[in-house]
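Chemist: Structure provided below as structure tokens; questions to follow.
The values are calculated or read from the model by the stated rules, or taken from the named source; none is laboratory data. What you see is a predicted model; the values in this text were computed from it and never measured. Here the Cβ is made from the backbone with ideal geometry for all residues, glycine too, and neighbour counts use every protein chain on show.
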Amino acid sequence: MDVVVVGAGQAGLSAAFHLRRTGLAPDRDFVVVDHAPRAGGAWQFRWPSLTYGKVHGMHSLPGMELTGADPARPSSEVIAGYFDSYERTFELGVHRPVDVTAVREGEGGRLRVETSEGVYATRALINATGTWDRPFWPHYPGQETFRGTQLHTAGYPGPDAFAGRRVIVVGGGASATQHLLEIAEHAAATTWVTRREPVFREGPFGEAEGRAAVALVEERVRRGLPPRSVVSVTGLPLNDAIRAGLANGVLDRRPMFERITPTGVVWADGRTVDADVILWATGFRPAIDHLAPLRLRGPGGGIQVEGTRAVLDERVHLVGYGPSASTIGANRAGRAAVTEIRRLLARRPDRPLEAAAVTA
């Protein structure tokens, strides 16, 4: 293959669209592999109570708008259906379910992509694996002794599962506040715990603010530091639901506890809270372990990226990573990666390229 795309979420499908647009053909010149059982990227795994109307900033994929969606339907159904239609419309031929186990240096300047359906030798790789498969679980003393239930946002079943239970929600992001506002209507009690004081953003969040937030994340990946999410630097939007949660005490935040006990948590000053459930809304990390054989990680712990290109290997592009880990960012990154890869293929051909496939 000329290009292997790993992942068929927003970033991977955007990249595949632009590969087709430049004249490359699926299963002849490039292939898209995805480990999920069906179309939909990480959206297909979202909890049922996250309806499409609650989704913030969902941007359509290039070339095909998402219109007329019922805001009351689960976002997992709406967006998975849209992605499925997109794949079929543009005949992207996604291979699934396919697990990528490792990417190594291959022969003749190609990368060796080892997968559950065989090995691909490719001239370039677009990594679009996102973060959903790597939920981050912090570790605190006594965690293994807790007799209740511990779960992560990745396995959040919806608010009904917490009826009559005492719930501690850990995390300062949008998922944590969404969970709390839902759970509080069903639970016996809720407690919100964060490491840092939450920052609430009032007023409009326009293009200039968005660019500034993305720039902060982009600076980290340019220096080879582990990326933070765009949301982590924008703060929490102070909408009507958040205001109500602050007013009624549901969003009365407490600082991080010191340790976990069999029946709850304890703070350094001796305060305790009993709990039946600890819900870790503590985010995700990039799913890039399969790239480890290429030794792309720098001293800072992340992969140094310029635009979408890995600084240590121009054949590898990361989309949906760091500053492009949003729906609009993923679209732009898919296009940018393909533009650079086309230049790479034209500059370092190991076989003649068709004229139609050379122009970006």
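Chemist: Suppose the filter is at pLDDT below 95, in contact with a Gly (Cβ under 9 Å, 6 or more places away or on another chain) and among the acidic types (Asp, Glu); does Glu354 pass it?
Modeler: Criteria met by Glu354.
Chemist: For the list (1) out of contact with any Lys or Arg (no Cβ under 8 Å at 6 or more places or on another chain); (2) aromatic (Phe, Trp, Tyr); (3) modelled with pLDDT of 95 or more, I need the number of the one condition that Tyr120 fails.
Modeler: (1)
Chemist: Next up: Every residue in segment 14-28 that is in a helix (DSSP H, G or I) and out of contact with any helix residue (DSSP H, G or I) (no Cβ under 6 Å at 6 or more places or on another chain), please.
Modeler: Residues satisfying the conditions are Ala16, Phe17, Arg20, Arg21.
Chemist: Take segment 4-54 and flag every residue that is crowded, with 18+ Cβ neighbours inside 10 Å and acidic (Asp, Glu).
Modeler: Matches in segment 4-54: Asp29, Asp34.
Chemist: Those residues that are polar (S, T, N, Q), farther than 30 Å from Val170 by Cβ and crowded, with 17+ Cβ neighbours inside 10 Å, I need them from segment 283-342; list them, please. Before the answer, list the steps.
Modeler: Pass one, segment 283-342, residues polar (S, T, N, Q): 304, 308, 324, 326-327, 331, 339.
From the residues that got through so far, the ones that are farther than 30 Å from Val170 by Cβ too are 304, 308, 331, 339.
Those that are polar (S, T, N, Q), farther than 30 Å from Val170 by Cβ and crowded, with 17+ Cβ neighbours inside 10 Å: Gln304, Thr308, Asn331.
Chemist: Condition check: within 23 Å of the chain's Cα centre (by Cα), among the small types (Gly, Ala, Ser) and not assigned by TED's automatic domain parsing to the domain that holds Ala268. Does Ala154 satisfy that?
Modeler: Judged against the criteria, Ala154 is not a match.
Chemist: Looking for something assigned to a loop (DSSP other than H, G, I, E, B) and among the acidic types (Asp, Glu) - is there at least one such residue anywhere in segment 73-90?
Modeler: No: zero hits.
One line per residue, one yes/no per condition, for (1) of a type in the set (Val, Ile, Thr); (2) out of contact with any His (no Cβ under 9 Å at 6 or more places or on another chain); (3) assigned to a helix (DSSP H, G or I); (4) at pLDDT below 75:
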residue	(1), (2), (3), (4)
Arg211	no, yes, yes, yes
Val214	yes, yes, yes, yes
Glu218	no, yes, yes, yes
Leu225	no, yes, no, yes
Arg228	no, yes, no, yes
Ile242	yes, yes, yes, no
Leu251	no, yes, no, no
Arg254	no, yes, no, no
Ile260	yes, yes, no, no
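Chemist: Does Asp99 count as under 18 Å from the mean Cα position of the chain (by Cα) and either charged (D, E, K, R) or surrounded by fewer than 17 Cβ atoms within 10 Å (Cβ to Cβ) (or both)?
Modeler: Yes: the conditions hold for Asp99.
Chemist: Which condition from (1) modelled with pLDDT of 95 or more; (2) exposed (fewer than 14 other Cβ atoms within 10 Å of the Cβ) is the one that Arg196 breaks?
Modeler: Tallying (1) modelled with pLDDT of 95 or more; (2) exposed (fewer than 14 other Cβ atoms within 10 Å of the Cβ), Arg196 fails exactly one: (1).
Chemist: Filter segment 149-179 for residues that are touching a Gly at 6+ places or on another chain (Cβ under 9 Å) and farther than 13 Å from Trp280 by Cβ and give the result. Steps first, answer last, please.
Modeler: Residues of segment 149-179 touching a Gly at 6+ places or on another chain (Cβ under 9 Å): 153, 165-166, 168, 171, 173, 175, 177, 179.
Correct list: Arg165, Arg166, Thr177.
Chemist: On to the next question. Look at segment 50-87 and say how many of its residues are without any contact (Cβ under 8 Å) to a residue 60 or more places away in the chain, within 15 Å of Gln178 (Cβ to Cβ) and out of contact with any Phe, Trp or Tyr (no Cβ under 7 Å at 6 or more places or on another chain).
Modeler: Residues flagged as without any contact (Cβ under 8 Å) to a residue 60 or more places away in the chain, within 15 Å of Gln178 (Cβ to Cβ) and out of contact with any Phe, Trp or Tyr (no Cβ under 7 Å at 6 or more places or on another chain) within segment 50-87 amount to 5.
Chemist: For residues that are in a strand (DSSP E or B) and exposed (fewer than 15 other Cβ atoms within 10 Å of the Cβ), tally how many sit in segment 105-114.
Modeler: Summing the residues that are in a strand (DSSP E or B) and exposed (fewer than 15 other Cβ atoms within 10 Å of the Cβ) in segment 105-114 gives 1.
Chemist: Within segment 115-147, work out how many residues are in a strand (DSSP E or B) and without any contact (Cβ under 8 Å) to a residue 40 or more places away in the chain.
Modeler: 2
Chemist: Moving to a separate point now. Does Arg271 satisfy the condition of being surrounded by fewer than 19 Cβ atoms within 10 Å (Cβ to Cβ) and basic (Lys, Arg)?
Modeler: Details: surrounded by fewer than 19 Cβ atoms within 10 Å (Cβ to Cβ): yes; basic (Lys, Arg): yes.
Taking the combined requirement at face value, the residue satisfies it.
Chemist: May I pose another question? What is the residue count in segment 81-110 for residues that are acidic (Asp, Glu) and under 30 Å from Gly68 (Cα atoms)?
Modeler: Summing the residues that are acidic (Asp, Glu) and under 30 Å from Gly68 (Cα atoms) in segment 81-110 gives 3.
Chemist: Which numbered condition in (1) farther than 23 Å from Ala163 by Cβ; (2) not in a helix (DSSP H, G or I) is the only one that Leu246 fails?
Modeler: Condition not satisfied by Leu246: (2).
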